[in-house]
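For reference, the structure is listed below as structure tokens.
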Amino acid sequence: MDYFEFYGLREDPFRLTPDTEFFFQSDNHRLALDSLDYAVEHKEGFCLITGEPGTGKTTALKVFVNKWKKRAEIALILTPRLSPKEFLSAVLDDLEAVRVGGGKVDLIRAFRDFLLEKSLSGRPVVVIVDEAQDLSDETLEELRLLSNLETEKEKLLQIILVGQSGLEKRLKGEALKQLGQRIAVRVRMRPLSPEELYRYVNHRLQRAGGGYLKTGRGTVEAIFKYTKGVPRLVNIIASRAVMVAYLERQNTIKAGHVRRAARHLRTSP
């Protein structure tokens, strides 16, 4: 009998892959999603989402894309280490935009025509860059120039930059000052509070089937001590604590299980 069967679970409640089915909407995540909606609906041009690794930026992004994919044209760039021309080409590929010629001027013309066509049909065009801290200054400047594509009434392109905290500092520097000044909507992702962590753990257990696996306040306090509320770290240590409890054939994850899981993780290669 494996531990899924032992605990009556359908699947691993604490797997690391971003999964919208397990999405827990903390106050901060709600603010991020509301801000993304606002930026697109009001054609704000630029939106910036930043946070430390593991705080849930990518999962929130997936929730946003699932909500808007039938109402907007979305290009999602996940490998941003590209030159300006390569970046623009990747955006056009993702949007399935028709192009004639492969020169930089040809690409910009194709992009402009695509934006105008979608504007006339009332469909927003959104370019999302994940791990945007990896963009070069030259490519970020190209994005600023692309944002100049507009009509007399509105921006034709909405750009969402998602990245780690260092991106904020770069956008305050002299080289990217003009871009930084254009970002009207900014959200910083933060770790879960102790209360949110308690609800997060139980939410994921319920989504995985509930079963017979229980936890208590002491358990969650121990998890918070070792993770400071960072969801990715919570999943790592909670998953290991469940395994420790299973090896002892315990139906309740206790603080001791969390401590043993933490000790094992510190000694793991």
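Scanning segment 92-135 for residues that are more than 22 Å from Asn66 (Cβ to Cβ) and polar (S, T, N, Q) yields a count of 2. Just so you know, in segment 83-104 the residues that are over 23 Å from the mean Cα position of the chain (by Cα) and hydrophobic (A, V, I, L, M, F, W, C) include one that is least open to solvent (accessible area, probe 1.4 Å), and it is Ala97.
Within the option set Leu197, Leu192, being under 24 Å from Tyr7 (Cα atoms), under 19 Å from the mean Cα position of the chain (by Cα) and open to solvent by less than 10 Å² (accessible area, probe 1.4 Å) holds for one residue only, Leu197. Restricting attention to segment 105-162 and to residues that are hydrophobic (A, V, I, L, M, F, W, C) and in a loop (DSSP other than H, G, I, E, B), the residue that is surrounded by the fewest Cβ atoms within 10 Å (Cβ to Cβ) turns out to be Leu149.
When segment 210-254 is filtered for residues that are assigned to a loop (DSSP other than H, G, I, E, B) and under 15 Å from Ser26 (Cβ atoms), the ones remaining, listed by number, are Lys228, Gly229, Val230.
Just one of the listed residues (Asp12, Asp93) is of a type in the set (D, E, K, R), over 16 Å from Val126 (Cβ atoms), out of contact with any Gly (no Cβ under 9 Å at 6 or more places or on another chain) and modelled with pLDDT under 95, namely Asp12. Within segment 46-55, which residues are open to solvent by less than 20 Å² (accessible area, probe 1.4 Å) and more than 17 Å from Ile77 (Cβ to Cβ)? Once the filter is applied, which keeps residues that are open to solvent by less than 20 Å² (accessible area, probe 1.4 Å) and more than 17 Å from Ile77 (Cβ to Cβ), segment 46-55 yields Gly51, Gly54, Thr55. When Gly209 is tested against (1) under 18 Å from the mean Cα position of the chain (by Cα); (2) surrounded by fewer than 22 Cβ atoms within 10 Å (Cβ to Cβ), only condition (1) is not met. Residues that are in contact with a strand residue (DSSP E or B) (Cβ under 8 Å, 6 or more places away or on another chain) and touching a residue at least 60 places away in the same chain (Cβ under 8 Å) do occur in segment 197-214.
The values are calculated or read from the model by the stated rules, or taken from the named source; none is laboratory data. Only a predicted model underlies this, so the values are computations on that prediction, with no experimental measurement involved. FYI the Cβ positions are ideal-geometry reconstructions off the backbone, even for glycines, and counts take in every protein chain you see. Protein only, heavy atoms only, side chains kept; ligands, DNA and RNA dropped before computing areas. Shrake-Rupley method; radii C 1.70, N 1.55, O 1.52, S 1.80 Å.
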